[in-house]
Amino acid sequence: YCLAIALLGKLVESTDPQAAQAALWSLGNMSSPAAAQVVRKVIRSANPRLAATAIASLETIDDELAKDLAAIARSPNMDLASNAITALGRAPNESTLATLQDLAKNGPPQLRWSAISALGTCNNESSVALLGELLRAGDRQVASAALSALSSMTAPEARDLVIEAALSDRAQWTGAIYHLSALKGEDVEAALLELAKNGQPRDRQAALPRLLRLGNEEALRSAVQLASTGSRSDKMDAMRLLADAGTPQAMAALQGLADSAKGQARVTALEMLAQVNPGDPRVNQMLAASLQTGSTAEAVNAAAVLGRLGTEESQRALLAAMSSPKKELALAAAQALGEQGMTDSVRAALVAAARTGDSSMKTMVMERLVAQGKLALSRGDVAKAS
């Protein structure tokens with residue numbers, strides 16, 4: 001065993017860098033004070049790559065070694081310094097924590113993230129307190145990095161700080177709600193619900209998805225209320241969140257909104273439902289009903305949605321709407337129909353509409369026929385449309 005350590009020590013001094021690095025890794029994996037002593041000598045090597053390998057292979061870091069690493073952490077070689085900082089995170093003591101805190105606050109920008117990450121790996125009460133201080137008082141880069149480190153820690157105090165940050169006025173600044181959403185527990189759900197009910201629009205958009213997927217009833221009521229009484233953009237955002245949640249409760253709420261809403265809100269709800277289940281016959285029927293009985297604006301929007309569905313039911317509804325006395329609706333139906341597959345029946349209907357319609361209809365139909373390709377447009381079509 002001693003002979004192996006001696007041979008590996010010779011290889012470390014080899015001019016072959018690959019052999020030297022391989023020897024260092026082997027020594028680092030050996031449970032031997034003699035092997036550790038060889039590795040410790042190399043951290044001061046003039047070869048930065050060898051020194052970095054030696055630092056990365058250190059298993060046990062005592063106070064004396066921690067002092068050496070603290071000195072290397074202030075080296076002008078950023079890669080070597082970063083390796084030393086990472087190693088310091090594996091040896092948390094009062095001196096080490098002070099070094100990491102100072103580097104996190106005042107070190108070069110390249111090393112701040114390394115120092116804060118190292119504090120996160122310490123995972124003790126002192127490191128949590130230091131990260132909390134950086135989170136509350138640091139600049140954006142420092143605070144965001146501190147929050148990321150805290151969210152990876154298992155200490156209950158770290159979890160409390162993430163929740164505190166998500167409910168603070170710096171939440172958007174640090175991305176705290178994103179980190180909060182990755183945690184689990186009743187306290188997390190309570191914080192997310194508070195954001196969903198009383199936060200800014202961006203807070204709600206970040207908090208509601210997790211709550212809706214969990215089936216939280218208060219969040220569901222909040223989303224439905226927002227979709228019913230909010231601004232136009234709020235309504236669309238809330239409906240999209242319900243659709244993205246995809247739970248039976250969310251789908252039922254979205255269906256209820258489609259039943260009770262009118263105009264653009266109704267069509268938006270139906271479109272969200274259609275995106276989740278485009279073959280739902282009830283959605284197709286409700287969109288077809290909007291073509292017939294809705295306002296002109298609602299009918300035009302419904303035609304656009306039906307055009308994107310591309311089902312047989314949507315095609316029949318659009319063919320019927322092309323004969324509407326409302327010119328705007330007839331044009332919208334023809335345009336939506338032209339975006340579907342150009343079958344013989346669809347092409348014939350478009351040509352017939354162009355022959356009897358106004359100039360806007362003729363122009364739109366010709367553009368659609370050309371856009372579908374030369375094979376879809378015959379000389380007879382041109383003559384009839386003209």
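The values are calculated or read from the model by the stated rules, or taken from the named source; none is laboratory data. Computed from a prediction, not measured in an experiment: that's the story for all the values here. Every residue, glycine as well, gets a Cβ built from its backbone with ideal geometry; the counts of neighbours run over all protein chains shown. Ligands, DNA and RNA are excluded from the accessible area calculation, which covers all protein heavy atoms including side chains. Shrake-Rupley method; radii C 1.70, N 1.55, O 1.52, S 1.80 Å.
Per-residue 3J(HN,Hα) values for the stretch 69-80, derived from phi via the Karplus relation 6.51 cos²θ - 1.76 cosθ + 1.60 with θ = phi - 60°, read 5, 4, 5, 5, 4, 9, 5, x, 7, 5, 5, 5 Hz in sequence order (x marks Gly and Pro).
Put simply, the amide H of Asp280, placed in the peptide plane, has no neighbours under 5 Å, leaving out anything fewer than 5 places away on its chain.
Which whole number in µm²/s is D for the chain by Stokes-Einstein, with the Kirkwood Rh taken over Cα pairs at 20 °C and 1.002 mPa s?
Numbers: Rh = 26.3 Å.
Here the translational diffusion coefficient equals 82 µm²/s.
Show me, for the stretch 185-194, the HN-Hα J-couplings you get by feeding each phi into the Karplus relation (A = 6.51, B = -1.76, C = 1.60, θ = phi - 60°), rounded to Hz, glycine and proline as x. Those phi angles translate into x, 5, 5, 5, 4, 4, 5, 5, 5, 4 Hz. The equivalent ellipsoid that matches the C-alpha gyration tensor of the stretch 213-353 spans semi-axes of 30, 15, 10 angstrom, in descending order. Pairs of alpha carbons in the stretch 56-152 separated by more than 20 Å make up 27% of all such pairs.
Find, among the trypsin sites (Lys or Arg not before Pro) in the stretch 218-276, those assigned to loop by DSSP (not H, G, I, E, B) with at most 15 other beta-carbon atoms within 10 angstrom.
Passing sites in the stretch 218-276 are Lys262.
In this structure the stretch 42-94 gives 50 Å² per residue of accessible area when probed at 1.4 Å with all protein chains present.
Helix 17-28 and the longest principal axis of the C-alpha atoms of the chain enclose an angle of approximately 80°. Treating r as the C-beta distance of Asp344 and Gln285 and R0 as 22 Å, the FRET efficiency rounds to 0.25. Computed 3J(HN,Hα) for the stretch 246-251, one whole-Hz value per residue from the Karplus formula 6.51 cos²θ - 1.76 cosθ + 1.60 where θ = phi - 60°, is x, 6, x, 5, 5, 5, glycine and proline marked x.
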